[in-house]
Protein chains: 2
Amino acid sequence: MAVKKKTKTRKKAAARVRVQARPAPQNAFYAQSGGVTAVINASACGVIEEARKHKRHIAKVYAGRNGIIGALTEDLIDTSRESAAAIRALRHTPSGAFGSCRYKLKSLEENRREYERLIEVFKAHNIGYFFYNGGGDSADTCLKVSQLSETLGYPIRAIHVPKTVDNDLPITDNCPGFGSVAKYIAISTREASFDVASMAKTSTKVFVLEVMGRHAGWIAAAGGLAADKDCDLPIVILFPEVTFDQAKFLQKVEAMVKKYGYCSVVVSEGVKGPDGKFLSDQGLTDAFGHAQLGGVAPVIANIIKNELGYKYHWAVADYLQRAARHIASKTDVEQAYAMGKAAVQFAVKGHNSVMPTIDRVSNKPYRWKVGMAPLNKVANVEKFMPKNFISKDGFGITARCRDYLAPLIKGEDYPPYRDGMPRYVQLKKVPVKKKLKGSFEL
Amino acid sequence: MAVKKKTKTRKKAAARVRVQARPAPQNAFYAQSGGVTAVINASACGVIEEARKHKRHIAKVYAGRNGIIGALTEDLIDTSRESAAAIRALRHTPSGAFGSCRYKLKSLEENRREYERLIEVFKAHNIGYFFYNGGGDSADTCLKVSQLSETLGYPIRAIHVPKTVDNDLPITDNCPGFGSVAKYIAISTREASFDVASMAKTSTKVFVLEVMGRHAGWIAAAGGLAADKDCDLPIVILFPEVTFDQAKFLQKVEAMVKKYGYCSVVVSEGVKGPDGKFLSDQGLTDAFGHAQLGGVAPVIANIIKNELGYKYHWAVADYLQRAARHIASKTDVEQAYAMGKAAVQFAVKGHNSVMPTIDRVSNKPYRWKVGMAPLNKVANVEKFMPKNFISKDGFGITARCRDYLAPLIKGEDYPPYRDGMPRYVQLKKVPVKKKLKGSFEL
């Protein structure tokens with residue numbers, strides 16, 4: 001018996017040692033960066049809900065008010081003060097609930113002070129995890145924070161949570177945020193095409209829709225999904241990848257109008273003319289000679305009117321396209337949430353300087369899984385749309401492009417409604433008490 | 001027994017007489033007129049489904065291809081060739097499935113020939129019912145067709161089916177088509193406001209959304225529903241009923257940005273300056289001096305940029321707002337269907353020169369019933385937005401306006417989806433064989 005007792009005592013002591021060896025939980029920092037999307041809050045929801053399941057590792061999640069600026073200025077939001085219901089509602093609330101910012105940290109050489117300040121703030125608030133939800137620039141910031149924190153002796157696990165409607169992050173098959181914009185543009189183009197088809201006999205013959213995507217035609221390509229085997233519609237796409245050829249374009253529009261009686265044009269804001277200048281930059285001046293900024297849609301519409309004489313209508317979707325949570329892609333919502341959740345799981349498992357990715361397993365049926373990419377392979381790498389996604393004439397999408405895009409818009413994920421309006425959450429955003437003296441000049 | 005037999009024989013004879021006395025069923029004509037909406041096909045669905053239930057009175061429903069032009073040119077579509085499923089799908093398909101037109105018949109004095117031609121075509125195709133689905137102009141046409149048909153000895157029952165996003169028909173509480181645009185604008189304004197709120201710290205501070213409504217501010221007013229007691233948002237509305245006062249407007253925007261950090265502006269395309277000219281008509285010229293047509297949104301955005309220095313984004317919803325069947329108001333869909341159905345019921349009961357109306361019974365809970373208005377009280381009467389719907393400062397809606405608008409956007413009525421896209425029907429549109437010789441010059 002005495003021996004047995006001794007063993008028990010030894011076991012207890014060992015357990016005690018293990019408990020003592022396990023590091024105390026640290027807080028996590030989460031921030032939203034750059035242009036927001038219909039589903040970036042779904043990633044926030046994934047991060048916070050998952051973190052709440054790992055109390056042994058993560059004490060509280062502090063969010064940066066207005067992105068990384070919140071960290072630099074020690075303006076932190078205590079997400080533990082938000083109810084479970086409020087956090088759950090983030091999943092169906094568009095845009096950045098904590099505020100985002102367009103603020104690119106300079107290189108370490110140029111402004112080492114900013115990075116040091118971040119570490120200072122993290123140290124003051126016992127932050128051991130850094131979740132940064134953004135695009136290419138923020139992947140770079142995330143990597144630098146991780147590297148510098150090691151150098152400064154306060155190692156932080158930095159995980160990048162992918163987000164961008166531009167769909168231009170490498171390694172991941174697609175980016176959360178893009179699928180919902182694609183769905184909105186595909187549906188809007190289909191609906192407007194039905195409209196112009198109805199009016200074409202005596203009125204509007206061409207409808208022009210301007211969409212986002214200054215550098216790549218991913219979003220414009222989604223306009224091509226408006227037409228499919230069940231729904232024959234004449235869609236002409238103007239990609240930023242294809243230099244605008246006015247004669248060829250007019251020929252295409254005329255042929256479509258002759259065949260169908262009407263047509264829809266989906267034009268990327270980034271389309272450039274042969275002179276390399278944005279088509280939207282037409283040197284417009286008002287009656288007083290002041291320069292006026294217009295979109296590319298009215299420019300295209302005017303060309304059609306002047307050269308072909310067709311009556312037109314044009315629309316500029318702008319923020320509506322990326323904020324349209326009411327018609328978000330279910331696939332996109334699920335992936336956005338999964339990215340936030342995986343980021344926390346990676347961090348808890350000890351990973352650092354990585355980004356969860358969406359790995360496509362198969363197209364039919366569409367299957368995907370969560371992967372992992374090292375941040376040094378992500379930062380400063382831009383993924384362009386493959387050339388074979390654009391049809392030979394330059395005005396449409398190929399079957400390969402359709403196979404890629406189609407699964408990303410699959411499924412609807414309607415928000416709850418009250419009295420006809422979607423119920424989006426506005427958080428309390430209780431500030432964390434400041435611990436540092438003095439302020440930080442941005 | 002002999003007596004009894006005689007009675008039976010008499011009864012049979014009487015029955016035979018009654019059968020002979022009942023007029024043979026005639027065909028009906030249905031056409032869509034003017035700008036289309038997200039729910040005009042729901043009215044078409046109501047007309048056709050109800051007509052199919054009244055075989056004793058209505059043989060077939062012929063639709064005009066491209067509206068009244070289809071009647072003038074004897075270009076009729078045989079809706080009996082469409083399956084029950086296809087007709088049912090009209091209920092969730094936006095825009096005009098048979099084609100609409102902007103073609104206003106002249107007055108009887110100016111072009112009596114057109115009206116005579118209509119009667120000729122109706123006579124040739126044994127059409128005894130005329131269902132005209134449109135706004136104020138088509139109510140007038142409908143009335144004239146009814147009157148002239150009497151004069152020409154071929155009386156037709158002409159029923160007007162109300163439709164207009166402009167919400168300007170008299171007597172009826174509201175017009176089918178308006179509720180869905182209102183819902184789209186309210187939701188889009190809420191979503192875009194969430195977006196700009198996220199970006200305001202370092203980037204966009206003002207978002208400008210241009211909406212339809214050249215003569216009345218009904219649609220602009222719907223932007224006011226973006227904010228409610230559950231959702232505090234800074235919304236500034238520019239109504240066509242209020243002359244644009246730049247100084248006052250800038251003061252309002254600045255105050256909102258100071259209070260909230262950002263604001264959204266909903267501007268009606270019909271806003272005019274103190275000179276009485278549309279604000280959108282800025283005399284824009286391109287580099288070559290060609291006049292350029294722009295929207296009012298970029299004009300407002302430029303004023304804000306130049307005078308207040310705020311970064312802005314702007315959108316022009318255009319056709320997207322009236323084609324957005326994906327987020328149609330359930331109330332609107334039900335009312336549009338009910339109007340089509342009632343039109344047929346009225347005609348079958350012998351009514352003529354009338355329009356079914358939506359009569360509001362109560363606000364809380366919202367209850368409405370179908371009413372009836374004589375066309376001579378509808379034609380050429382335009383309903384304007386009451387002055388007490390606009391707040392004192394001219395930039396918002398009153399509680400009274402909210403009480404009126406709120407029920408009209410209630411409920412969602414999602415279309416079916418396949419592979420992420422709404423399944424809208426494209427009809428076969430089988431033509432009815434022509435019976436008249438020669439063609440008709442429009």
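Summary of computed values
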{"item": "All positions within segment B:125-163 that are in a loop (DSSP other than H, G, I, E, B) and either on the phi < 0 side of the Ramachandran plot or touching a Leu at 6+ places or on another chain (Cβ under 6 Å) (or both)", "result": "B:His125, B:Gly135, B:Leu152, B:Tyr154, B:Pro155, B:Ile156, B:Lys163"}
{"item": "Per-region count, segment B:67-111, residues within 10 Å of chain A (Cβ to nearest Cβ) and among the polar types (S, T, N, Q)", "result": "3"}
{"item": "Residues of segment A:372-410 that turn out to be small (Gly, Ala, Ser), open to solvent by 20 Å² or more (accessible area, probe 1.4 Å) and within 19 Å of A:Ser268 (Cβ to Cβ), as a count", "result": "1"}
{"item": "Conditions (1) at pLDDT below 95; (2) out of contact with any strand residue (DSSP E or B) (no Cβ under 8 Å at 6 or more places or on another chain); (3) under 29 Å from A:Ala24 (Cβ atoms): number failed by A:Thr141", "result": "(2)"}
{"item": "Residue within segment A:55-66 that is within 14 Å of another protein chain (Cβ to nearest Cβ), over 20 Å from the mean Cα position of the chain (by Cα) and touching a residue at least 12 places away in the same chain (Cβ under 8 Å) present", "result": "no"}
{"item": "Residues that are among the hydroxyl-bearing types (Ser, Thr, Tyr) and within 14 Å of another protein chain (Cβ to nearest Cβ), drawn from segment B:112-141", "result": "B:Ser138"}
{"item": "Residues (more than 9 Å from chain B (Cβ to nearest Cβ) and open to solvent by 20 Å² or more (accessible area, probe 1.4 Å)) located in segment A:411-426", "result": "A:Asp413, A:Pro416, A:Val425"}
{"item": "Selection count, segment B:350-375, where residues are more than 14 Å from B:Val161 (Cα to Cα), of a type outside the set (Ser, Thr, Tyr) and touching a helix residue (DSSP H, G or I) at 6+ places or on another chain (Cβ under 6 Å)", "result": "1"}
{"item": "In segment A:394-410, the residues that are within 12 Å of chain B (Cβ to nearest Cβ) and part of a loop (DSSP other than H, G, I, E, B)", "result": "A:Lys410"}
{"item": "Of the criteria (1) touching a residue at least 12 places away in the same chain (Cβ under 8 Å); (2) under 30 Å from B:Ser83 (Cα atoms), which one B:Lys377 fails", "result": "(2)"}
{"item": "Subset tally (residues that are modelled with pLDDT of 95 or more, on the phi < 0 side of the Ramachandran plot and more than 25 Å from the chain's Cα centre (by Cα)) for segment B:409-442", "result": "8"}
{"item": "Filter result for A:Ser280 (out of contact with any Lys or Arg (no Cβ under 7 Å at 6 or more places or on another chain), touching a residue at least 40 places away in the same chain (Cβ under 8 Å) and polar (S, T, N, Q))", "result": "no"}
{"item": "Qualifying positions in segment B:70-81 - open to solvent by 10 Å² or more (accessible area, probe 1.4 Å) and within 18 Å of B:Val425 (Cβ to Cβ)", "result": "B:Asp78, B:Ser80, B:Arg81"}
{"item": "When residues of segment B:235-277 are limited to those that are hydroxyl-bearing (Ser, Thr, Tyr) and part of a loop (DSSP other than H, G, I, E, B), the one surrounded by the fewest Cβ atoms within 10 Å (Cβ to Cβ)", "result": "B:Thr243"}
{"item": "Test: residue in segment A:196-212 that is within 30 Å of A:Asn306 (Cα to Cα) and within 14 Å of the chain's Cα centre (by Cα)", "result": "yes"}
{"item": "Unique residue being aliphatic (A, V, I, L, M) and either out of contact with any helix residue (DSSP H, G or I) (no Cβ under 8 Å at 6 or more places or on another chain) or at positive phi (or both) when the list is A:Ala343, A:Ala347, A:Ala406", "result": "A:Ala347"}
{"item": "Members of segment B:359-371 that are part of a loop (DSSP other than H, G, I, E, B) and open to solvent by 40 Å² or more (accessible area, probe 1.4 Å)", "result": "B:Asn363, B:Lys364, B:Pro365"}
{"item": "Every residue from segment A:179-230 that is assigned to a loop (DSSP other than H, G, I, E, B), in contact (Cβ under 8 Å) with a residue 60 or more places away in the chain and buried (at least 24 other Cβ atoms within 10 Å of the Cβ)", "result": "A:Lys205, A:Gly217"}
{"item": "Criterion (modelled with pLDDT of 95 or more and farther than 18 Å from B:Leu405 by Cβ) met by exactly one of B:Asn352, B:Asn380, B:Asn388", "result": "B:Asn352"}
{"item": "Filtered residues of segment A:74-83 (kept if touching a helix residue (DSSP H, G or I) at 6+ places or on another chain (Cβ under 6 Å) and in a helix (DSSP H, G or I))", "result": "A:Thr79"}
{"item": "Given (1) at positive phi; (2) open to solvent by less than 10 Å² (accessible area, probe 1.4 Å); (3) in contact with a Lys or Arg (Cβ under 7 Å, 6 or more places away or on another chain), number of the condition A:Gly67 does not satisfy", "result": "(3)"}
{"item": "Hey, B:Glu114 more than 19 Å from B:Ala44 (Cβ to Cβ) and open to solvent by less than 10 Å² (accessible area, probe 1.4 Å) or not", "result": "yes"}
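Yes or no, residue by residue, for (1) touching a residue at least 12 places away in the same chain (Cβ under 8 Å); (2) open to solvent by 10 Å² or more (accessible area, probe 1.4 Å); (3) in a helix (DSSP H, G or I):
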| position | (1), (2), (3) |
| --- | --- |
| A:Ala85 | no, yes, yes |
| A:Ala89 | yes, yes, yes |
| A:Ala97 | yes, yes, no |
| A:Glu109 | no, yes, yes |
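Residues are listed down the side, and each one gets a yes or a no for (1) in a helix (DSSP H, G or I); (2) at pLDDT 95 or above; (3) more than 14 Å from chain B (Cβ to nearest Cβ):
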| residue | (1), (2), (3) |
| --- | --- |
| A:Phe288 | no, no, no |
| A:Gly294 | no, no, no |
| A:Ile304 | yes, yes, no |
| A:Glu307 | yes, yes, no |
| A:Trp314 | no, yes, no |
| A:Gln321 | yes, yes, no |
| A:His326 | yes, yes, no |
| A:Thr331 | yes, yes, no |
| A:Phe346 | yes, yes, yes |
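The values are calculated or read from the model by the stated rules, or taken from the named source; none is laboratory data. In this text, all values refer to a predicted model and were calculated from it rather than measured experimentally. For neighbour counting, all protein chains shown are included, and Cβ atoms are generated from backbone atoms with ideal geometry for every residue, glycine included. The accessibility values were calculated without ligands, DNA or RNA, using every heavy atom of the protein model including side chains. Shrake-Rupley method; radii C 1.70, N 1.55, O 1.52, S 1.80 Å.
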